[in-house]
Amino acid sequence: MIEKEENKRIPNETDEPIYHSCIVNLVIGNLYCQKGNFDFGISRICKSLEPMENKLGPDTWFYTKTCLLALADKLSKQMFILKGTAYNNVLKLLSKIDEYGKDMSPLISNHNNEKEVGSSVKESISSEGRQLKHIFMKLME
């Protein structure tokens, strides 16, 4: 329903993407992951970021990363077993994040617009995605 309404929008109204369905799916995904239903939760997270080029940003990446880190934590402690297809979905998601997040900072801007002092390493959503992908590949072994 929300997706249909977003698609009805007049294309020339604004160039900014609409995040209503993205936020709804992120919230649902986070809630399911928090309750331990990672299979469904991660599928909602993947759906929330479609299309990746419009929906990926520091805010959406933060909540995506939170779910993926919780999943990695449960898998590393052998408290949860993820199906092979779900692993493949996670790896595909992280590959897309690596592709589209190259020029995006993972930091959510603070209200004072202060710049980070002393940071010599240029972090990006892409680099964090690659690190997470490496973690999941190690967990698959």
Practice task
For the range 54-65, take each phi angle, set θ = phi - 60°, evaluate the Karplus expression 6.51 cos²θ - 1.76 cosθ + 1.60, and give the result in whole Hz per residue in order, putting x for glycine and proline.
Solution key: 9, 9, 6, x, x, 5, 5, 5, 4, 6, 5, 4
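Which of K138, K133 has the fewest other C-beta atoms within 10 Å, and how do the rest follow up to the most?
Numbers: K138 11, K133 19.
Least to most surrounded, the residues fall as K138, K133.
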Practice task
Using the Karplus curve 6.51 cos²θ - 1.76 cosθ + 1.60 with θ = phi - 60°, work out ³J(HN,Hα) for each residue of the range 71-79 in order, rounded to whole Hz, and write x for Gly and Pro.
Solution key: 5, 4, 4, 5, 5, 5, 8, 6, 9
Fill in the blank from the handout: Descending packing, highest mean Cβ count within 10 Å first, for 70-80, 93-103 is 93-103, 70-80
Problem - Computed lengthening from M140 to I108, 0.36 nm per intervening residue step minus Cα-Cα distance - result: 8.4 nm
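Taking a 28 Å limit on the Cα-Cα distance, which of the listed pairs K35/K102; K65/K122; K47/K74; K83/K133; K35/K55 fall beyond it? Mind showing how you got there, number by number?
Numbers: K35/K102 32 Å; K65/K122 18 Å; K47/K74 22 Å; K83/K133 16 Å; K35/K55 25 Å.
Cα-Cα > 28 Å for K35/K102; rest within.
So, R0 is 22 Å and r is the distance between the beta-carbons of S95 and K35; what FRET efficiency does that work out to, to 0.05? Working shown, then result.
Numbers: r = 27 Å, r/R0 = 1.23.
E(calc), rounded to 0.05, equals 0.20.
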Problem - Anisotropy class of the range 49-89 from Cα gyration tensor, a/c 1.5 cut - result: oblate
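For L82, L26, which order do you get if you count the other beta carbons within 10 Å of each Cβ and list the fewest first? Walk me through the numbers on the way to the answer.
Working: L82 18, L26 24.
Ascending number of Cβ neighbours within 10 Å: L82, L26.
Taking other Cβ within 10 Å of each residue's Cβ, how do F40, F136 sort, fewest first?
With the fewest neighbours first, F40, F136 line up as F40, F136.
We did not get these values from a lab; they are worked out from the coordinates using the rules stated. Keep in mind that this is a model prediction, so the values were computed, not measured. When we count neighbours, we look across all protein chains shown, and the Cβ atoms used for this are built from the backbone with ideal geometry, even at glycine.
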